[in-house]
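Visitor: My questions all concern the structure below.
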Amino acid sequence: MTWDVFNLIGTIAFAVSGAIVAMEEAYDLFGVFVLAMVTAFGGGLIRNVLIGLPVSHIWAQGTLFTTAFLATAVLIILPATWIQRWLRWNFVFDAIGLSAFAIQGALYAAGMRYSLGTIVVAAVMTGIGGGIVRDVLAGRKPLVLRDEIYALWAVLAGFAVGMRWVGPSQPWGLYGLLVAVSGLRVLSVLRGWRIPRRSLRPSRTPIPDVDPDDTPTPTSGAGPGTGDASETSVHHGGGD
Amino acid sequence: MTWDVFNLIGTIAFAVSGAIVAMEEAYDLFGVFVLAMVTAFGGGLIRNVLIGLPVSHIWAQGTLFTTAFLATAVLIILPATWIQRWLRWNFVFDAIGLSAFAIQGALYAAGMRYSLGTIVVAAVMTGIGGGIVRDVLAGRKPLVLRDEIYALWAVLAGFAVGMRWVGPSQPWGLYGLLVAVSGLRVLSVLRGWRIPRRSLRPSRTPIPDVDPDDTPTPTSGAGPGTGDASETSVHHGGGD
Amino acid sequence: MTWDVFNLIGTIAFAVSGAIVAMEEAYDLFGVFVLAMVTAFGGGLIRNVLIGLPVSHIWAQGTLFTTAFLATAVLIILPATWIQRWLRWNFVFDAIGLSAFAIQGALYAAGMRYSLGTIVVAAVMTGIGGGIVRDVLAGRKPLVLRDEIYALWAVLAGFAVGMRWVGPSQPWGLYGLLVAVSGLRVLSVLRGWRIPRRSLRPSRTPIPDVDPDDTPTPTSGAGPGTGDASETSVHHGGGD
């Protein structure tokens, strides 16, 4: 029951991020709805394909579908200033979604007696798969592959479940994991943590943090924590 | 039997549109065949994955495969002026394909007792899925998400089947739906109907219809109905 | 047993090519691992979806996963000059991978009594599917669709198996096919063979071999066979 609330928060946050990306790319309203739904449900769909769960299961989530659809519809009619305010906080809801979806994806794979590696992949794909499909459909390079620490927290969630540190029989352990993973994600946004890169050039010059050719998005936020969180709005996943 | 004719028309139109996009992107002949087949059969494939029909079913359509393959081969050897003439009418055949594929996708989902929402998704994905994969493989933003009223008519087809207004036991109802959906699509091309967009900017300036950064295609047609229909050639789907 | 060695070589070569593309795009280390694994295993995954084999089978390849993961990790810490030297030869290993994966994909489909066309598609997708997903995730137009003769050798492998010229009961026939297909691929790199294109322009001017707008990659090698093989590093597939 309580878990459903986290799923709901995450689904809304993911749908909003998909809708925002579609609007940034000047897609029409049909495109806005498609990207919203794909971001919210794409990760769970990919996970089901990968670990052999029936994809048709995703159609049993009537409430979540309706919620994602309504959230998108509300977003479309909201004044732009309200949207900006919403986006300032969306990364927190998004972190909850990432965490809830990753844990749930890991539990599915663990319940099917998969090995540690598969459980981690299931957690990660549930958490980030929707965001990747969203970016591909928007003609962007997937953000999660090139910037910010996002997927790593899904790896952590998968690892904790895969190592049996927590499991379905320990609800409090799962809540603790959810808080830890969401919190680490929120922290990494506020602090601007990044995963290092590896240059291919023989020279020893440091790799610049931002590649000017590498930013096809018009979301030029002033950066996390400075009040303009539009950049943080376009992250993630796609849950169950 | 008669329905097979519509499927055949749609399959050819979709394969042609995929082949044209590949040629526009200067892909080699292998790429031309891949994009042709993907556009013609991608939608049915995605639908099968989504609603849990065996994907292997798509391999049972030998005649359609051969037809799509031959149509692509013919297109490759045709003089460019003939291709231009063909493209002027391809949007009509394409509309028939969109309609036939969407209705068929909806009927599959309805036959599996899915809810209205799933039936609509099945109709839409059968109709537009191939075109989306085509555009992604061509490095383009999916046209159906950003311009023209295309998918909406597939939604209508799915809705009509999902609400049980028509069904497999009413062949004439299905033909009527096919004519209506194809006709509406043709009309929306001729009239240049578009789905509205939603701007993210707080200002109240109108959104321009055409975003100059947003047109990676060299298909700068003079617009539908003016004799140069190259732009209208690159729409849609991917059927059963 | 011996076949496993070819699979291993191919898996490493494909993972390396994925990792290199990710580094070229300035993706972070998470993105490097994702593109490596996707390139190595994406083709087999797509083939399983297409011909109806359980996708969960791909998780039974523990050794290959570990190998691909370790190869990527080693690549990340290698000096750039060593990477350049590795890349000079990677196209040979890659050719072995293309060949081994295509033959294996064809054998799977043949074992399920599919028709010739499906067997060819299974061979091709096992060989090139991972490379296509890699390029899409890197925001590039799939190389295999627009340049060099790569997929055609996978078609040949599929055709030979589909025509029952060779089969599981003739191990020597399969080895011969592997040598032939790998050799033809290596030859087509060294000789710079290309598949023709088809222009859409009515004029009869020849199509230039290289389209300047068509090269989003910074891998401007001096061309195959001239000592700089970085361009040849980014080809292919995705295996079993």
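Visitor: Could you list the trypsin sites (Lys or Arg not before Pro) in the stretch B:46-126 that lie in coil according to DSSP, counting only those with at most 12 other Cβ atoms within 10 Å of their Cβ?
Guide: Counting only loop positions with at most 12 other Cβ atoms within 10 Å, the trypsin sites (Lys or Arg not before Pro) in the stretch B:46-126 are B:Arg113.
Visitor: Each residue of the stretch C:5-17 in turn: what ³J(HN,Hα) in whole Hz from Karplus with 6.51, -1.76, 1.60 and θ = phi - 60°, glycine and Pro shown as x?
Guide: Each residue's phi maps through the Karplus curve to give 5, 5, 4, 5, 4, x, 4, 5, 4, 5, 4, 4, 5 Hz.
Visitor: Here's another thing I want to ask about it. Might you report the magnitude of the Cβ-based charge dipole of the stretch B:1-97 about its Cα centre, with Lys and Arg at +1 and Asp and Glu at -1, to the nearest 20 debye?
Guide: Working: 3 positive and 5 negative charges, 33 e Å.
The dipole of the stretch B:1-97 has a size of about 160 debye.
Visitor: Please compute the contact order of the stretch A:2-191 in relative form: average sequence separation of alpha-carbon pairs under 8 Å and at least six residues apart, divided by the residue count, as a percent. Don't skip to the answer; put the middle values down first.
Guide: Details: 276 pairs, mean separation 49.0, N = 190.
Over the stretch A:2-191, the number comes to 26 percent.
Visitor: Roughly speaking, to the nearest percent, how much of the stretch A:10-116's 1.4 Å accessible area is carbon and sulfur? Mind showing how you got there, number by number?
Guide: On the way: 2510 of 3460 Å².
Exposed carbon and sulfur together represent 73 percent of the surface.
Visitor: Copy-to-copy spacing for C:Val5, label 7 Å out on the Cα-to-C-beta vector, in nm, shortest first?
Guide: Label-point separations across copies, in nm and ascending: 6.1, 6.1.
Visitor: What ranking do A:70-80, B:138-148, A:177-187, A:91-101 get when scored by the average of other Cβ atoms within 10 Å per residue, highest first?
Guide: Working: A:70-80: 15.3, B:138-148: 23.5, A:177-187: 19.5, A:91-101: 27.5.
In decreasing order of mean packing, A:70-80, B:138-148, A:177-187, A:91-101 become A:91-101, B:138-148, A:177-187, A:70-80.
Visitor: Here's another thing I want to ask about it. For C:Ala180, place a label point 7 Å out from Cα along the Cα→Cβ vector, do the same in each other copy, and report the separations in nm, one decimal, smallest first.
Guide: 5.7, 5.7
Visitor: Can you give the charge dipole size of the stretch C:2-191 about its Cα centre, rounded to the nearest 20 debye, using +1 on the beta carbon of Lys and Arg and -1 on the beta carbon of Asp and Glu?
Guide: On the way: 11 positive and 8 negative charges, 77 e Å.
It comes to approximately 380 debye.
Visitor: While we're looking at this one, here's another question. Given H placed on each backbone N at 1.01 Å, which residues far from A:Asp28 in sequence or on other chains put an amide H within less than 5 Å of it?
Guide: B:Arg146, B:Asp147
Visitor: Please list, in chain and number order, the residues 5+ apart from A:Arg197 or on another chain whose amide H is under 5 Å from its amide H, with Hs placed from the backbone.
Guide: Amide H neighbours of A:Arg197, under 5 Å, 5+ apart: none.
Visitor: Sticking with this one: Determine the shielding of peptide A:147-156 by partner chains: average, over its residues, the number of Cβ atoms on other chains within 10 angstrom of each Cβ. Mind dumping the intermediate values first?
Guide: Details: counts 5, 2, 2, 1, 5, 3, 0, 0, 1, 0.
Mean inter-chain Cβ contacts per residue within 10 Å come to 2.
Visitor: Quick check on the stretch B:57-185: what are the equivalent-ellipsoid semi-axes from the Cα gyration tensor, as sqrt(5λ), descending, whole Å?
Guide: Equivalent ellipsoid of the stretch B:57-185: 27, 16, 15 Å, largest first.
Visitor: Now for a different question. Once C and B are treated as a pair rather than alone, how much accessible area drops out, both sides summed, in Å² to 100, probe 1.4 Å? Could the numbers behind the result be given before it?
Guide: On the way: alone 11630 and 11610 Å², together 20920 Å².
Interface area, both chains combined: 2300 Å², rounded to the nearest 100.
Visitor: What nm distances, shortest first, do you get from the label point of A:Pro196 to those in the other copies when the point sits 7 angstrom along Cα to Cβ?
Guide: Copy-to-copy label distances for A:Pro196: 5.2, 5.2 nm.
Visitor: Report the relative contact order of the stretch C:90-130, percent, no decimals, based on alpha-carbon pairs under 8 angstrom and at least 6 residues apart. Please report the intermediate quantities before stating the final value.
Guide: On the way: 31 pairs, mean separation 19.6, N = 41.
Value for the stretch C:90-130: 48 percent.
Visitor: Also, quick follow-up: Please report which chain C residue places its beta carbon nearest the axis carrying chain C onto chain B, with the distance rounded to a whole angstrom.
Guide: C:Val136, 3
Visitor: In whole Hz, with x marking every Gly and Pro, tabulate ³J(HN,Hα) for the stretch B:135-142 from phi via Karplus 6.51 cos²θ - 1.76 cosθ + 1.60, θ = phi - 60°.
Guide: Taking θ as phi minus 60°, the curve returns 5, 4, 5, 8, x, 10, 6, x Hz for the stretch B:135-142.
Visitor: With unit charges on the beta carbons (Lys and Arg positive, Asp and Glu negative) and the dipole taken about the Cα centre of the stretch B:2-191, which residue among B:Leu190, B:Ile83, B:Pro171 sits farthest to the positive side?
Guide: So the residue furthest toward the plus end is B:Pro171.
The values are calculated or read from the model by the stated rules, or taken from the named source; none is laboratory data. From a predicted model like this one, the values you see are computed outputs, not experimental measurements. For neighbour counting, all protein chains shown are included, and Cβ atoms are generated from backbone atoms with ideal geometry for every residue, glycine included. Heavy atoms of the whole protein, side chains included, go into the accessibility calculation; ligands, DNA and RNA do not. Shrake-Rupley method; radii C 1.70, N 1.55, O 1.52, S 1.80 Å.
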